[in-house]
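Computed from the coordinates by the stated procedures, all read-outs in this text should not be read as laboratory data. Source: prediction; values computed, not measured. As a convention, Cβ positions derive from the backbone with ideal geometry for all residues, glycine included, and neighbour counts pool all protein chains shown.
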Amino acid sequence: METSGTDLSARLAKLRATHCDQLPTPQMAVLTRLTARLRRSGILNRCLQPGETAPDFSFIDAENNQASLYELLESGPVVINFYRGLWCPYCKTELEAFEAIRDELESIGCHYLALTPQHPPEETSGPLHLIFDRNNQIARTFDLVYSLVSEEIALFDEWGVHIDEVNESGNWDLPLPATYVIATDRTVAFQFVDVDFRTRCCPNLLVDEVKALLRQA
């Protein structure tokens, strides 16, 4: 894969120029109001913070076995990425960038988990195993979930993205895109969360944070 962690910012900027910046003014206004609404809601202060204990959760791994966060932490820190879904071009771009650094993370003893409330179709999930977070159950324990309101639902409907269907949930709830590093003592060592879905964590910054954490161990 040609994508590397170093060019994620450039790829996101290009995506913004060719995607969001080309949206009709009324659609862009809805997204601007969404970002402002989330910022006012206090979700950035409510979500799991650095130094707090991460909740345990179970999931099905790439070998179709039951696993859990705390089990993984017994053998090293864990990076967790929350994605909105494969329908989101920003999530797909970020996923490709983190796939490019996955081997480096694993080589230094760090696990990587990618979670999405969208049930990832096998043919589009790529080489990286995506964990299906049904109805955002895991994201809710991190306090990352919000509900779309009527004008936002109408906009997604215009785009043909029916969150209630693609998430198999019957609701219009989404997680904030977020990146966490969980230390082996189960506390949050690093957090990157933003209410603007176009802003994502730099993979190289993430690698540096993990290496710094391991040096402290």
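Structure values in brief
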read-out	value
Inter-site label distance for Thr141 and Asp196 at 7 Å from Cα along Cβ, in nm	3.2 nm
Selected from Gln27, Gln49, Gln191 as most flexible by GNM, with the chain as the system and alpha-carbon contacts under 10 Å	Gln27
Choice from Phe57, Phe82, Phe142 showing the highest fluctuation, given a GNM over the chain with Cα pairs closer than 10 Å	Phe57
Mean separation of Cα contacts under 8 Å (6+ apart) over length of segment 67-178, as relative contact order %	29 percent
Low-density loop positions, GluC sites (Glu not before Pro), segment 130-217 - DSSP coil, at most 15 other Cβ in 10 Å	Glu168
For segment 46-66 versus segment 141-217, the gap between their alpha-carbon centres in whole angstrom	13 Å
Label zone at Arg134 (point 7 Å along Cα-to-Cβ), backbone N below 12 Å, segment 143-173	168-169
Length released on extending from Glu151 to Glu106, taking residue separation times 0.36 nm less the Cα-Cα span	12.0 nm
Extension gain (nm, one decimal) between Thr32 and Thr53, 0.36 nm per residue minus Cα-Cα	4.3 nm
Residue of Thr18, Thr179, Thr141 that the Gaussian network model of the chain assigns the largest fluctuation, springs spanning Cα pairs under 10 Å	Thr18
Residue-averaged [θ]222 nm for the chain, counting only DSSP H segments that reach four residues, each worth -39500 (n - 2.57)	-12000 deg cm²/dmol
Rg over Rh [alpha-carbon atoms, Kirkwood Rh] for segment 76-217	0.98
